[in-house]
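These notes are about the structure you will find just below.
The values are calculated or read from the model by the stated rules, or taken from the named source; none is laboratory data. Note that this is a predicted model, so its numbers are computed, not measured. Don't worry about glycine lacking a Cβ; one is built from the backbone with ideal geometry, like all the others, and counts go over all protein chains shown. Only protein heavy atoms, including side chains, enter the accessible area calculation; ligands, DNA and RNA are left aside. Shrake-Rupley method; radii C 1.70, N 1.55, O 1.52, S 1.80 Å.
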Amino acid sequence: MSDIVLEVKDLSKAFEMPRSLFDALRGQPTRKLVGVDQVSFKIERHETLGLVGESGCGKTTLGRCILRLQQPTGGSILFEGQDITRASERDLQPVRRRMQVVFQDPYSSLNPRMTVRQMIVEALRFHKICSRAEEDAYLERLLKTVGLNIDAADKFPRAFSGGQRQRIGLARALAVQPAFLVADEPVSALDVSIQAQVLNLLTDLRDEFGLTMLFIAHELSIVRHVSTRVAVMYLGQIVETGTTDEVFENAQHPYTEGLLRALPRPEPKRRDRKIALEGDIPSPMNVPKGCRFHTRCPIAQEICRTKTPPLRQLSPTHHVLCHLRPTPDWNPAILA
Amino acid sequence: MSVKSVALPIRIRRFNPGAWRNVVAGWPLNLKIGLTMLMTIALAGIFAPVLTPYDPIIGDFQNALDPPSWEHPFGTDNVGRDVFSRVLYGARIDLQIGFIATYVPFIYGVALGAIAGYVGGWFDTLLMRLVDITIAFPFLVIIIVILAILGPGIQNMYIAVFAAGWTIYTRLARAEMLVIRQQEYILAAQALGYNRMRIIFRHAVPNLIGSSIVFSMSDFVLNILLASALSYFGIGVQPPAPEWGAIVTDGRDWLLQAWWISTLPGFAIIFTGVAASLIGDGLSKIISQRNTPVL
């Protein structure tokens, strides 16, 4: 039985650029910046969806729309069966408890003027997680689960290193016992040596608490390590989605291929030194017609410049947004 | 629908003199000196009746225009009042003016600016245009106009200073809020479902108030000088109240015969001004290097 925690349907978020009074008087339309464009996906319970893409492709915006930290401009978000797209802040409160977030920047994600205890106890009391008498014990247990000592409780964030701060951020998110966690590039601001620690902690806690997770990252190797399914985003759209194996072993979209080729491989003999991806991501204020990727696609053809590509299905889980892939001779049997 | 009241989780720290001493040791020197100077003035005002036997208002015509002596350290004025007593009692009035004229607009301005910066929209637009309009008038002109309408006196002076003075704090707080509301700890607070007022006043304001506090110290000095100037024009504190500016004004007709009447109270103003400036410098140093605990 599938138990869908989060379902996103045609979610869009466009930012209106401020226009000058002069332009407004001339009746020029406001220019729009595409953040997220008609994205749909589902996340089942205990699943981790890895969301990858270059910076500026809308990953973070998508995560913040789901958390309702930004108001989407179209589509809908169903969380545990409840439509929260337009729910008021009051109606959202019980949902907020079920859905938490870990941020990217360990230096701006903790309030510099609050001690760890103040941060966490505030969340506990606000959501009435435990009685006041139990707070100290709860706090100690919580800090222990994220690998911190109770001594940390009465210190301010400035006393901690980046990795420790991420642990505190994680403790704050887990304090309200959420079912769903959005991890917005939780390790990309950390030293590589610390990344692994925090990542392992995150996956351990996910398994321990049975969390469902949306894991946003730009590093494929990390996503592969953490995710059960992967979605690749380009300029506000999901261009390929599938199980982790499908995407990593059988990438179809030229963009995914490009990203994978950019990964460093521990095989010095293999020298396919093709340049992985050329050029820059086009301006989200002026999205290319047809397939959005055609300006950088190594296999682009005429049709790609004019027609919007269809979403093709390779397996019940594997979808790709491309005119040319899978190629006609593609045989599903090779997967088996 | 009932509004849920949620107690703020404030943890009362037990007073620990050792820790307190450590905090003070971390303060910059100018903050320590400034605070000592300000404390001296405040104590002088509080203990004025103990420190001087003379009445600040009733004079002794027998001893008018006496130069400074052991009996009268700052001399006496034209109606025989002891200038030193008047300066000590004046500390009460001037410090009161400094605090009320500075910190009432401060609280109001910071609160409004923080709310405007956070909620944005029409409230922000409207408020900031109002600020622009208020700032467009010369500061002293608004105050004089308001005092001309309401009549002279210390309470009306507070009203006038408030009407003109809140704007700067609103601007400062709003500008800082625009930066802070993008910070991830504010997003985290939103994601936890906290209501707006809690986010603004508990999570954002402690982080944006620094620049306003630093500014308020120079505002403190300016307000004391302003009060003196208004007394000089005769629309501020009314005689015979011993306000420092008023004492200086009283003495100006006698400047050639009795220089001490204006000069020595002037030093009290300067002393307070330097104290407040030193405190402001010290605080800004602390705030700029966020690694030192403020309190």
- In the stretch B:208-218, is there at least one residue being away from chain A (no Cβ under 14 Å), free of Cβ contacts under 8 Å to residues at least 24 places away in the same chain and over 20 Å from A:Leu69 (Cα atoms)? no
- Item | Residue check, A:Cys65 within 14 Å of chain B (Cβ to nearest Cβ), open to solvent by less than 70 Å² (accessible area, probe 1.4 Å), over 23 Å from A:Ala171 (Cβ atoms) and under 14 Å from the mean Cα position of the chain (by Cα) | yes
- Message: Let me confirm something: among A:Thr48, A:Thr73, which residue is open to solvent by less than 40 Å² (accessible area, probe 1.4 Å) and modelled with pLDDT of 85 or more?
- Response: A:Thr48
- Task: Evaluate the stretch B:232-242: report whether one residue or more is crowded, with 21+ Cβ neighbours inside 10 Å and modelled with pLDDT of 90 or more.
- Result: yes
- Have a look at A:Gly53, A:Gly58 and point out the one that is buried (at least 22 other Cβ atoms within 10 Å of the Cβ), on the phi > 0 side of the Ramachandran plot and either at pLDDT 90 or above or touching a Pro at 6+ places or on another chain (Cβ under 8 Å) (or both). A:Gly58
- Query: Among all residue pairs at least 6 apart or on different chains, which show Cβ distances below 7 Å where the first residue, located in the stretch B:174-191, is facing chain A (nearest Cβ under 10 Å) and the second is open to solvent by less than 60 Å² (accessible area, probe 1.4 Å) and of a type in the set (Lys, Arg)?
  - Reply: B:Ala188/A:Arg172; B:Ala191/A:Arg96
- Message: Of everything in the stretch A:8-28, what is open to solvent by 40 Å² or more (accessible area, probe 1.4 Å) and part of a strand (DSSP E or B)? Give them in sequence order.
- Response: A:Lys9, A:Asp10, A:Phe15, A:Glu16
- Using the structure shown, decide if A:Thr243 is more than 23 Å from A:Pro157 (Cβ to Cβ) and surrounded by 20 or more Cβ atoms within 10 Å (Cβ to Cβ). no
- When the residues of the stretch B:57-86 are filtered to those that are crowded, with 16+ Cβ neighbours inside 10 Å and acidic (Asp, Glu), which remaining residue is modelled with the highest pLDDT? B:Asp82
- Within the stretch B:192-207, considering residues that are more than 10 Å from chain A (Cβ to nearest Cβ) and touching a helix residue (DSSP H, G or I) at 6+ places or on another chain (Cβ under 6 Å), the one farthest from A:Phe180 (Cα to Cα): B:Ile200
- Message: Cβ-Cβ under 7 Å, sequence separation 6+ or interchain: first residue in the stretch A:2-28 and farther than 27 Å from A:Gly58 by Cβ, partner buried (at least 17 other Cβ atoms within 10 Å of the Cβ). Which pairs?
- Response: none
- Task: Could you list, in sequence order, all residues of the stretch A:91-114 that are part of a loop (DSSP other than H, G, I, E, B), more than 17 Å from A:Thr61 (Cβ to Cβ), within 7 Å of another protein chain (Cβ to nearest Cβ) and open to solvent by 10 Å² or more (accessible area, probe 1.4 Å)?
- Result: A:Ser108, A:Pro112, A:Arg113
- Note on the structure: If we take the stretch A:115-222, then helices (runs of 4 or more DSSP H) inside it with 2 or more residues that are within 14 Å of another protein chain (Cβ to nearest Cβ) are A:116-126, A:135-145, A:162-174
- Message: Could you go through the stretch B:154-172 and let me know if any residue there is hydroxyl-bearing (Ser, Thr, Tyr), buried (at least 23 other Cβ atoms within 10 Å of the Cβ) and closer than 24 Å to B:Leu31 by Cα.
- Response: yes
- Query: Within the stretch A:190-219, which residues are more than 17 Å from A:Leu142 (Cβ to Cβ), surrounded by 20 or more Cβ atoms within 10 Å (Cβ to Cβ) and touching a strand residue (DSSP E or B) at 6+ places or on another chain (Cβ under 9 Å)?
  - Reply: A:Thr212, A:Met213, A:Leu214, A:Phe215, A:Ile216, A:Ala217
